[in-house]
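Notes follow the structure.
Just so you know, all these numbers are worked out from the coordinates, no wet-lab data involved. Computed from a prediction, not measured in an experiment: that's the story for all the values here. A quick note on method: Cβ atoms are made from the backbone with ideal geometry, for glycine too, and the neighbour counts reach across all protein chains shown.
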Amino acid sequence: MAKPPMAVSAFVFSALCTALFAVPAVAQERVTLGWGRLLTNDAIGDGKDRWRTGSYVLSRVRGPSWSGSLPGRPGEILEFRIRLETIAPADLVVANPLDRRYVGALSLGMHTHFEAAGIESSVGMDAVIVGPQTGISSLHGDLHDLLGLPDPTVFGGQIADDVFLTLTAEFGRTLPLGSNAQVRPFIEAQAGAETLLRMGGDMTFGHFGTEALMLRDNSTGQRYRAVAGDRVEGYSLMLGGDIAKVYDSEYFLASDAITPSDTRKRVRAGMHWQGAQSEVFYGLTWLGKEFEEQPDEQLLGSVNLRLKF
């Protein structure tokens, strides 16, 4: 895999420093503006337990207030994020040297969201904790016992205990397409657990996300709402895709017999229903191959339920 250019890390580090140094300047008291969450699993996608098999992200957003648009400086709106992810070989019982290692990852991070010169910006840092120390593989094994499934044997070869500080920056711009649709091209840079440059776009037909704070899931690219905006009842359709140049990944070892791919592709679609009090989101994401020996692509399902009775 190609060495990451210094420009990638320097770009993200510079953006992060700018955001963090601005945080103490905010004197107003912060309140919780909203929560965002998204559950992703291939059990509600292609139905196969393999590779980017499952994740759950929970975000708490705090700030002085929300007016339906991003503030003009970093540090006012802060997102505190926790995320769990399981990455697995296709067979948990019989180890295959030409498949990827098991990864249990727990991420804890802080991000700030703002707008500068008409560009919607998100900059932050996560501590990505991996290995048996997270307890994810133990929980996975207990679940197999509960369901009467064979005991996994690949946990012993999983990515070892470590912590990777990961910097992420995303910049995009929302452009209207008539009165009921919009498109948002974006670029993203990430350095740490995985180092990459990504570019792509998302389209929305309907009112979902209007005047709301939208966040992006790391593995699928699906956007989920953290702070509510326009709650017009009805259906919305979301479409998106992106391509990334991958420079490094701590989830692959140089000693392994597989070759990580230098590019990654994602295509996604989702449907959101907004009722008077409740809402439901379901999305599908096609992921291209992440290593050369991967025999197939995969399809992940994502869901978010907010039900009030």
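Against the chain, whose longest principal axis is taken from its Cα atoms, helix 136-147 shows a tilt of about 70°. Here the translational diffusion coefficient of the chain follows from Stokes-Einstein with Rh set to the Kirkwood radius across Cα pairs; for 20 °C and 1.002 mPa s it amounts to 106 µm²/s. The calculated FRET efficiency for MET271 paired with ARG73, based on their beta-carbon distance and R0 = 35 Å, is about 0.50. With the simple model of a label 7 Å out from the Cα in the direction of the Cβ, PHE205 to PHE80 spans 4.0 nm. With the convex hull of the Cα atoms taken as the outline of segment 40-185, the averaged projected area works out to 11.8 nm².
The stretch between VAL94 and ARG173 holds 23.8 nm of extra length on full extension. This uses 0.36 nm per residue minus the Cα-Cα distance. The length gained on full extension between LEU108 and ALA160, counted as 0.36 nm times the residue separation minus their Cα-Cα distance, comes to 16.9 nm.
With unit charges on the beta carbons (Lys and Arg positive, Asp and Glu negative) and the dipole taken about the Cα centre of segment 6-306, which residue among GLY229, LEU197, THR263 sits farthest to the positive side? Ranked along the dipole, the leading option is GLY229.
Annotation for segment 232-309: trypsin sites (Lys or Arg not before Pro) lying in DSSP loop with at most 14 further Cβ atoms inside 10 Å of their Cβ are LYS308.
Charge dipole of the chain (Cα centre as origin; +1 on each Lys and Arg Cβ, -1 on each Asp and Glu Cβ, all else neutral): 920 debye, rounded to the nearest 20. Exposed loop sites, defined as GluC sites (Glu not before Pro) outside DSSP H, G, I, E and B with at most 16 other Cβ atoms within 10 Å, are absent from the longest region of the chain, namely 30-210.
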